[in-house]
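Quick note: the coordinates plus some simple rules give every number you see, no bench work behind them. Bear in mind that the values here come from a model prediction, so they are computed numbers and not experimental data. Here the Cβ is made from the backbone with ideal geometry for all residues, glycine too, and neighbour counts use every protein chain on show.
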Amino acid sequence: MVDEAHKRGRAAETHSTTIEGLRLSILAGIDLIQHPEVLTPREMPDDLLRAIKDRGIVCSMLVSTITGEAWTKHLKAREEARKKQDEAQKKGLQHEQTAAELRKRDSDLGADLETRRRNAQKLIQAGCRVTAGTDSYWGAALELAREPKPENQDHGIGTILAIEGLVELGMTPSQAIVAATKNGAMACRKLDQFGTIEPGKLADLLVLEADPLADIHNIRKVQTVMKEGKAIDTARLPETRVLSSAR
């Protein structure tokens, strides 16, 4: 399947969420991995990290779900869960737990989220080609009609949060910006059209009021938006939420 996609000039991506599935996908020659940090509930083995890096596979990570406000909420929830478990133990309410109960305990403590964050950090530290994803979807499509995803996974602010999150996970501001722009274009196989500022490419640009290399949060301070070299009147853009909910 991967070979046939490549013959037609198409990229092949995988949505593997197990180590075994991811390994098979890498060996098959895929170009893009959707949220490779999600290997519930296991950590990424070193040999897979090396294979991903050596093959130059792009890793689209769900950064905004494991950093920033999402991570702060997790830490608070984990502390509350630990207190409840400690209180139950002191009162002698705990017994020898079943496998299902142990899984629920780990879930209450956010073990899955913490494993995902460690995997994301390992991918960055290994020098893998990372980009920012949101895992959002077009909520208006009938086949996807369901409750919108939270704001941190919106196509707009979710991407901003993801870039900031990449710095939280260990990247420099410069690396995070390259990850979201150049590497994002590589994931789309459109680097010849956009992703870097070069002659002949589309001038899709953001002009900022402050230096993002000094503080990555300055990417929010947008002065001018340009699409194909033309300034956009942002005051005329709609503000009604379509793809996410404010929660």
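Per-structure values
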{"read-out": "Which listed pairs, of LYS53/LYS230; LYS76/LYS221; LYS104/LYS149; LYS73/LYS190, have C-alpha distances above 27 Å, in listed order", "value": "LYS53/LYS230; LYS76/LYS221; LYS73/LYS190"}
{"read-out": "Cα gyration tensor, the range 178-241 - rounded (a/c under 1.5), prolate or oblate", "value": "oblate"}
{"read-out": "Per-peptide average of other Cβ atoms within 10 Å, ordering 127-135, 68-76, 197-205 highest first", "value": "127-135, 68-76, 197-205"}
{"read-out": "Computed magnitude of the charge dipole of the chain (debye, nearest 20; Cβ of K, R +1, Cβ of D, E -1)", "value": "140"}
{"read-out": "Which label in (i) 1.20; (ii) 1.02; (iii) 0.95 gives the computed Rg/Rh (Cα atoms, Kirkwood Rh)", "value": "(ii)"}
{"read-out": "The chain, helix-only ellipticity at 222 nm - DSSP H runs n ≥ 4, -39,500 (n - 2.57), divided by all residues, nearest 500", "value": "-12000 deg cm²/dmol"}
{"read-out": "Mean separation of Cα contacts under 8 Å (6+ apart) over length of the range 2-195, as relative contact order %", "value": "24"}
{"read-out": "Set of aspartates and glutamates with alpha-carbon distance to LYS90 below 20 Å, sequence-local pairs under 8 removed", "value": "GLU79, GLU80, GLU101, ASP106, ASP108"}
